[in-house]
1. Which one is nearest to Asn254 (Cα to Cα), of the residues in the stretch 56-89 that are in contact with a strand residue (DSSP E or B) (Cβ under 7 Å, 6 or more places away or on another chain) and buried (at least 20 other Cβ atoms within 10 Å of the Cβ)?
2. Limited to the stretch 326-373, what total is found for residues that are surrounded by 19 or more Cβ atoms within 10 Å (Cβ to Cβ) and among the polar types (S, T, N, Q)?
3. Please indicate, with yes or no, whether at least one residue in the stretch 318-327 is outside the structural domain of Ala190 (by TED's automatic domain parsing), over 18 Å from the mean Cα position of the chain (by Cα) and not in a loop (DSSP other than H, G, I, E, B).
4. Scan the stretch 94-114 and report the pairs whose first residue is of a type in the set (D, E, K, R) and whose second residue is not in a loop (DSSP other than H, G, I, E, B), with Cβ atoms within less than 8 Å and a gap of 6+ or a chain change.
5. Out of curiosity, is Ser69 at pLDDT below 95 and not acidic (Asp, Glu)?
6. Scan the stretch 52-75 and tell me whether some residue there is assigned to a loop (DSSP other than H, G, I, E, B), touching a residue at least 12 places away in the same chain (Cβ under 8 Å), of a type in the set (Val, Ile, Thr) and in contact with a Leu (Cβ under 8 Å, 6 or more places away or on another chain).
7. Anything in the stretch 38-55 that is of a type in the set (A, V, I, L, M) and surrounded by 19 or more Cβ atoms within 10 Å (Cβ to Cβ)? List them, or say none.
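The values are calculated or read from the model by the stated rules, or taken from the named source; none is laboratory data. As the structure is a prediction and not an experimental result, all values here were calculated from the model. Note that we place each Cβ from the backbone using ideal geometry, even for glycine, and neighbour counts take in every protein chain shown.
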Amino acid sequence: MNNYNFDEEFNRIGSNSYKWDGRKRFLGYENLIPMHVADMDFQCAPEILQEIEKRARHPFFGYTIYSGSHFEWMGDWLYKKHNWKVTSNNCLYSPSVVTSLSIIVFSLTNENDGVIVQTPIYPPFMEVVRNNNRKLLINELKLNEQGKYTFDLDNFEELCKKNSPKILLFCNPHNPVGKVWAKDELLKLAELCKKYSIIVISDEIHSDIVYKPNKHIPFASLGKDIAQFTLTCLSPAKTFNLPSVSSSVIIVENNNYKKILDKALDRFHLFLPSAFSVLSFETAYKYGEKWYNSLMDYLLINREVVFNWANRNSNMIQYVSPEGTYLSWISFRNMNLSDANLKKFIYENANVALDPGIRFGKGGEGFMRLNFACPINQLTRALDNIEKILI
């Protein structure tokens, strides 16, 4: 694997890791195997680490700007991986994707305007709507008997007719369910958004973590008309495991929206990056492809490990492998436990921290989310612990 050791278990305790050092503080348990937070337990790509170490030896950490070519390597990456042409002129710097979501909702809507989210969904989607005093409109995804998720387009249209929403917060690949939306699905959704004049904010931070034969299709790439009402939020943070040092980008082709967001980012003084965020962003897309390819090979193995484990325990759990992301969305509904008791049962008896599905909104009841982006021995220990307590 090109000398990349994804098997090595590295002690992250003492690094102020939210995932590891925050267990007692945020979960109430100190020694759980943490499989709940969506960052990877793999060391940073050495190509990126080398550049960060080099910059750290330069003994000045004044205010930082990003170069005129800052977004060009990302543009090359997006074209190569997703056949999507993006120009630097359409890119805005933002500290993180969640920051971007909040700024966009704040800037392009007014208080009590409707914002649609499709649950189960990454919790900050709901939080940025509530925190900005907007009206949260839930369009729950439909779950079929095969464990596959689809849009509920009939309910989506009803929400549009009754509430005249201004924005759809969209996620592709969809966290937590692992769905990679197909082109025909995206086009049907885009048609409704166009019909009802809805702005699509597309969080595509997981877009590089997609397993064949599935293919990520950027929402804005569906057509020039669709791109005019789409704002795409991206970051190398998930692909290269850089959430604490990376930054993000808002890709917007509509000049009016771009001007509004430019002013908002300036208003909240969010336009100055850190030295390391600039460097990690550029270096990841410039030098990270070999590491990324090896990562995907390893994730594919871990994905299969979870699938086989779930099959062995299919009397108690239901599971479909994710089409994208490194997150497993597991149904424990056959155990007939409340969400609070399910969490307590797994935490205290398996000694494993999973992310409770109820956090992801309507449709998450009875589910737990597991992050399999970790050394395989850590993954198998966690799965073995859970298997032992399944009745």
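1. Going through the stretch 56-89, the residues in contact with a strand residue (DSSP E or B) (Cβ under 7 Å, 6 or more places away or on another chain) turn out to be 66, 71, 74, 86.
Those still in the list that are buried (at least 20 other Cβ atoms within 10 Å of the Cβ) too: 71, 74, 86.
Values: Phe71: 18, Met74: 20, Val86: 13 Å.
Step by step, filter the stretch 56-89, then rank; the result is Val86.
2. Number of matching residues: 3.
3. Step one: of the stretch 318-327, the residues outside the structural domain of Ala190 (by TED's automatic domain parsing) are 318-327.
The next check asks that each one be over 18 Å from the mean Cα position of the chain (by Cα); those that pass are 318-320.
So of that shortlist, the ones also not in a loop (DSSP other than H, G, I, E, B) come out as 318-319.
Yes.
4. So the pair list comes out as Asp113/Lys135; Asp113/Ile167.
5. yes
6. yes
7. Ala38, Met40, Ala45, Ile48 - these are the residues of the stretch 38-55 that are of a type in the set (A, V, I, L, M) and surrounded by 19 or more Cβ atoms within 10 Å (Cβ to Cβ).
Rundown of residues vs (1) in the same structural domain as Arg333 (by TED's automatic domain parsing); (2) under 26 Å from Lys258 (Cα atoms); (3) not in a helix (DSSP H, G or I), yes/no style:
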site	(1), (2), (3)
Lys85	no, yes, yes
Tyr93	no, yes, yes
Thr99	no, yes, no
Asn112	no, yes, yes
Lys161	no, no, no
Phe170	no, yes, yes
